[in-house]
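A.B. asks: One structure, as structure tokens, below. Some questions next.
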Amino acid sequence: MLNRSNSESLFATAQNYFPGGVNSPVRAFKSVGGSPLFIEKGEGCKLTDVDGNTFIDFCCSWGPLILGHANPAVVEKVNQTVANGMSFGAPTKLENELADLILSNHNYIERIRFVNSGTEAAMSAIRLARGYTGRDKIIKFEGCYHGHVDALLVSAGSGLVTLGNSSSAGVPDGTVQDTIVLPLNNKEALEQAVAEYKNQIAAIALEPIPANNGLLLQDKEFLLFLREICDREGILLFFDEVISGFRVGFEGAAGYYGIQPDLIAFGKIIGGGMPVGAYASSKEVMDNVAPLGPVYQAGTLSGNPVAMAAGIAQLTECLKPGFYDELEMKTSIFCREITQYAEKRGYNFSMPHIGSIYWIAFTKDKIQAASQIKSESMDNFKKLHAALLDRGVYIGPSGYEVGFISEAHTDNDLNDAVEAFQEALDVVFS
Ligand SMILES: *Cc1c(COP(=O)(O)O)cnc(C)c1O
């Protein structure tokens with residue numbers, strides 16, 4: 001059994017400081033039980049906790065670390081930059097450099113605005129969509145997460161087309177009354193909603209690769225249908241690519257599927273492990289943002305030089321030829337070796353994956369909507385999570401979350417992890 005005594009004692013102390021002992025809820029291990037591990041250090045694909053346990057990490061800070069921990073190029077660039085001051089509240093050329101790196105290699109956007117988190121990016125993109133179209137309503141999908149933005153913290157009601165119910169206390173009904181929540185992968189619901197709210201919908205928001213509530217891979221046909229509806233109805237198509245951006249390819253899901261969205265939000269990978277988000281669009285749409293246009297949005301630390309430096313260093317690596325192909329190949333081999341084993345043993349298990357994102361599903365059904373996920377399967381996840389920790393593999397502590405493979409995961413690391421997964425599955429199904 002894993003010795004977590006130092007983590008347990010730090011977690012007990014943290015209870016005196018933070019609600020639930022953490023600064024973001026999913027870190028608390030609430031759905032898997034036990035104390036969260038306090039991390040001492042990360043190197044490559046490995047994490048070391050404060051009790052000296054080492055793990056192969058598939059959480060990768062929930063997605064940002066596509067090069068793994070403490071990548072030397074990123075660390076060097078950050079160190080060079082930080083020595084010259086941490087923030088100026090005035091422009092630096094690093095902002096130009098990161099923007100140029102992105103815009104000249106991403107064919108779906110022309111202008112970008114850096115912010116400090118994915119939440120901020122999604123919030124700002126929604127405001128821009130509303131400001132640009134002069135409409136108030138937005139459509140979102142059940143099972144897509146867009147950060148803790150008031151208007152997007154909504155869950156579906158009981159009908160096919162429903163106005164959202166707030167999924168958090170503290171969000172006024174008035175704030176969510178303009179949010180329409182639909183099931184994913186359902187054309188009929190979408191047609192019904194756009195008919196019912198004709199000329200009132202500013203944007204259709206979605207994770208084109210929904211990866212915050214399982215991995216709910218959509219058919220390309222459904223995404224194309226969204227594009228069509230948006231064109232027909234004068235609605236902006238908003239891809240929240242906070243996970244998928246720079247992950248399934250440099251051009252994210254837009255490039256992967258070859259679909260032109262009207263707005264894109266970025267986060268996670270874009271900051272190389274530092275707090276960066278961004279929203280981007282055509283010049284025409286982005287010219288509506290202050291100081292050029294009437295849509296106000298600002299940030300004291302936006303475009304922070306140290307954060308820009310980390311983003312530049314990380315995305316430079318991502319642009320190297322073959323980078324994404326290799327990640328995708330490693331991921332599909334990893335998933336295949338685990339699922340083939342499960343198959344042989346007759347376990348009800350699968351690993352949907354795309355690019356270097358995978359999900360652990362305790363079913364063989366194709367899951368494309370949030371409502372298809374059975375909450376009982378989370379008991380199996382809990383057992384798997386514990387068995388993996390005991391075997392030196394760290395995955396995000398929730399069965400609804402996806403896992404990530406980084407450039408730093410070597411074939412040897414992945415072979416070790418495959419073995420750990422196989423043993424852990426035996427424990428779950430024994
Ligand atoms: C993580 C995430 C967010 C929120 O980003 P934060 O940096 O945590 O605020 C928004 N949208 C998607 C798709 C995400 O995965």
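The values are calculated or read from the model by the stated rules, or taken from the named source; none is laboratory data. Source: prediction; values computed, not measured. Here the Cβ is made from the backbone with ideal geometry for all residues, glycine too, and neighbour counts use every protein chain on show. In case anyone asks, the SASA skips ligands and DNA or RNA and just uses the protein heavy atoms, side chains included. Shrake-Rupley method; radii C 1.70, N 1.55, O 1.52, S 1.80 Å.
Table: residues versus (1) small (G, A, S); (2) over 30 Å from S350 (Cα atoms).
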| residue | (1), (2) |
| --- | --- |
| S124 | yes, yes |
| V171 | no, yes |
| N186 | no, no |
| F222 | no, no |
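A.B. asks: Identify, from the list T81, T48, T54, the residue that is at pLDDT 95 or above and touching an Asp or Glu at 6+ places or on another chain (Cβ under 6 Å).
C.D. replies: So the residue among T81, T48, T54 that is at pLDDT 95 or above and touching an Asp or Glu at 6+ places or on another chain (Cβ under 6 Å) is T48.
A.B. asks: In the list A195, A211, A202, which residue meets the criterion of being under 18 Å from the mean Cα position of the chain (by Cα) and either crowded, with 24+ Cβ neighbours inside 10 Å or farther than 24 Å from G399 by Cβ (or both)?
C.D. replies: It is A211.
A.B. asks: Looking only at the range 247-304, filter to residues that are polar (S, T, N, Q) and open to solvent by 10 Å² or more (accessible area, probe 1.4 Å); which one of those is nearest to S117 (Cα to Cα)?
C.D. replies: Once the filter is applied, the top-ranked residue is S302.
A.B. asks: So which residues in the range 98-142 are of a type in the set (K, R) and either away from the ligand (no atom under 16 Å from the Cβ) or not assigned by TED's automatic domain parsing to the domain that holds G272 (or both)?
C.D. replies: Result: R111, R130, R135, K137.
A.B. asks: For the range 170-189: of the residues being assigned to a loop (DSSP other than H, G, I, E, B) and among the aliphatic types (A, V, I, L, M), which is surrounded by the most Cβ atoms within 10 Å (Cβ to Cβ)?
C.D. replies: L184
A.B. asks: Would you pick out the residues in the range 59-97 that are farther than 16 Å from F114 by Cβ and part of a loop (DSSP other than H, G, I, E, B)?
C.D. replies: Within the range 59-97, C59, G63, L65, I66, L67, G68, A70, N71, A83, N84, G85 qualify.
A.B. asks: Among what's in the range 13-38 and is assigned to a loop (DSSP other than H, G, I, E, B) and within 16 Å of the ligand (Cβ to nearest atom), pick the residue that is most open to solvent (accessible area, probe 1.4 Å).
C.D. replies: Restricting to residues being assigned to a loop (DSSP other than H, G, I, E, B) and within 16 Å of the ligand (Cβ to nearest atom), the top hit is N23.
A.B. asks: Considering every residue within the range 151-168, establish whether at least one is assigned by TED's automatic domain parsing to the domain that holds A278, in a helix (DSSP H, G or I) and surrounded by fewer than 22 Cβ atoms within 10 Å (Cβ to Cβ).
C.D. replies: The answer is no; no qualifying residue exists.
A.B. asks: Additional query: What number goes with the only condition from (1) out of contact with any helix residue (DSSP H, G or I) (no Cβ under 9 Å at 6 or more places or on another chain); (2) assigned by TED's automatic domain parsing to the domain that holds H385; (3) closer than 30 Å to F239 by Cβ that L47 does not pass?
C.D. replies: Against the list (1) out of contact with any helix residue (DSSP H, G or I) (no Cβ under 9 Å at 6 or more places or on another chain); (2) assigned by TED's automatic domain parsing to the domain that holds H385; (3) closer than 30 Å to F239 by Cβ, L47 comes up short only on (3).
A.B. asks: Specify which of the listed residues (R113, R135) is touching a residue at least 60 places away in the same chain (Cβ under 8 Å) and assigned to a strand (DSSP E or B).
C.D. replies: Every option except R113 fails the conditions.
A.B. asks: Follow-up question, since we're still on this one. Is it the case, given these coordinates, that P64 is more than 19 Å from the chain's Cα centre (by Cα) and either at pLDDT 95 or above or acidic (D, E) (or both)?
C.D. replies: no
A.B. asks: Scan (1) assigned to a helix (DSSP H, G or I); (2) open to solvent by less than 10 Å² (accessible area, probe 1.4 Å); (3) within 30 Å of E191 (Cβ to Cβ) for the single condition K140 breaks and write down its number.
C.D. replies: Failing condition for K140: (1).
A.B. asks: For the range 214-244, what are the residues that are within 16 Å of the ligand (Cβ to nearest atom), small (G, A, S) and open to solvent by 30 Å² or more (accessible area, probe 1.4 Å)?
C.D. replies: Passing the criteria: none in range.
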